[in-house]
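S.K.: Take this structure, written in structure tokens, and hold onto it; I'll ask about it next.
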Amino acid sequence: MPRLLLINGLPGSGKSTLAARYVADRPLALCLDIDVVRGLLGAWMDMPHDAGLLARRLALSMARLVLGEGHDVVVPQFLGRPGFIGELEALAAELGVEFVEVVLVEEPDVAAARLAERAAGPLSPVQRDAHLMLDRAGGLDVVSELHRRLHGVLADRPGARRVVPVPGDAEQTYRALLDRL
């Protein structure tokens with residue numbers, strides 16, 4: 001049975017790395033990174049809110065197609081509000097596929113330190129855009145607020161499976177994710 005897997009977590013927690021690792025083991029599975037989809041839209045930084053909404057609608061359409069073909073879809077995305085989670089869950093129910101919600105949980109100071117370290121190195125275009133958006137929102141000082149929002153969502157999502165990222169060891173974190181599936 002196809003699976004729609006949401007990997008939620010703070011920025012820089014390893015969501016995209018884990019999603020890419022997951023699809024590498026599953027032929028024709030889709031790593032549906034909404035930040036990548038959003039980046040395909042022209043001048044999206046001029047209208048980030050509208051671009052985000054459009055990217056999510058596009059992602060739902062893409063997920064519908066791939067799941068309908070019998071393949072897994074993984075969505076690595078920080079979601080500090082429940083709306084899009086509900087849309088993903090409803091899509092899975094409509095298509096009769098498994099919906100699994102995994103949340104990478106860690107303390108805000110750990111996430112902020114990792115983001116600062118990542119910013120000092122070479123960045124992919126998606127990471128560069130994420131750091132620009134974070135800077136626009138207030139920089140690393142907002143990580144605590146994002147942590148609070150994430151845990152607010154988790155309080156109402158008892159079925160979400162928690163995984164604690166292993167610092168510096170994506171493979172061990174991936175094995176922990178698989179154990180939670």
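Only the coordinates and a few stated rules stand behind these numbers; no lab work does. This is a predicted model, so every value here is computed, not measured. Positions of Cβ are generated from backbone atoms using ideal geometry, with glycine treated the same way; all protein chains shown enter the neighbour counts.
S.K.: Return the ratio Rg/(2.2 N^0.38 Å) for the chain, where Rg is computed over Cα atoms only.
M.R.: That works out to 0.98 for the chain.
S.K.: In addition: What order do you get for 98-104, 53-59, 155-161 when each peptide is scored by the mean count of other beta carbon atoms within 10 Å, highest first?
M.R.: Packing proxy ranking, top to bottom: 98-104, 53-59, 155-161.
S.K.: For a quick protection proxy, order the peptides 18-25, 168-175, 82-89 by their average other-Cβ count within 10 Å, most packed first.
M.R.: Sorting 18-25, 168-175, 82-89 by mean packing, highest first, produces 18-25, 82-89, 168-175.
S.K.: A follow-up question, please. Could you sort the peptides 34-46, 69-81 by per-residue average Cβ neighbour count (10 Å cutoff), highest mean leading?
M.R.: Averaged packing, sorted descending, gives the order 69-81, 34-46.
S.K.: Give the average over all directions of the projected area of the C-alpha convex hull of the stretch 1-97, one decimal, in nm².
M.R.: Computed as one quarter of the Cα hull surface, the answer is 6.1 nm².
S.K.: Please compute the net charge surrounding Gly121, taking Lys and Arg as +1 and Asp and Glu as -1 over other residues with Cβ under 12 Å from its Cβ.
M.R.: Result for the local shell: +2.
S.K.: Follow-up. Pop a pseudo-label 7 angstrom from the Cα along the beta-carbon direction at both Glu117 and Leu95 and give the gap in nm to one decimal.
M.R.: It works out to 3.5 nm between the two label points.
S.K.: Hey, can you grab everything whose amide H is under 5 Å from the amide H of Arg162? Only 5+ residues off in sequence or another chain; H modelled, so Pro and N-termini drop out.
M.R.: Val103
S.K.: How far apart, in nm, are the 7 Å Cα→Cβ label points at Leu54 and Asp135?
M.R.: Each label point lies 7 Å from its Cα, and together they span 2.4 nm.
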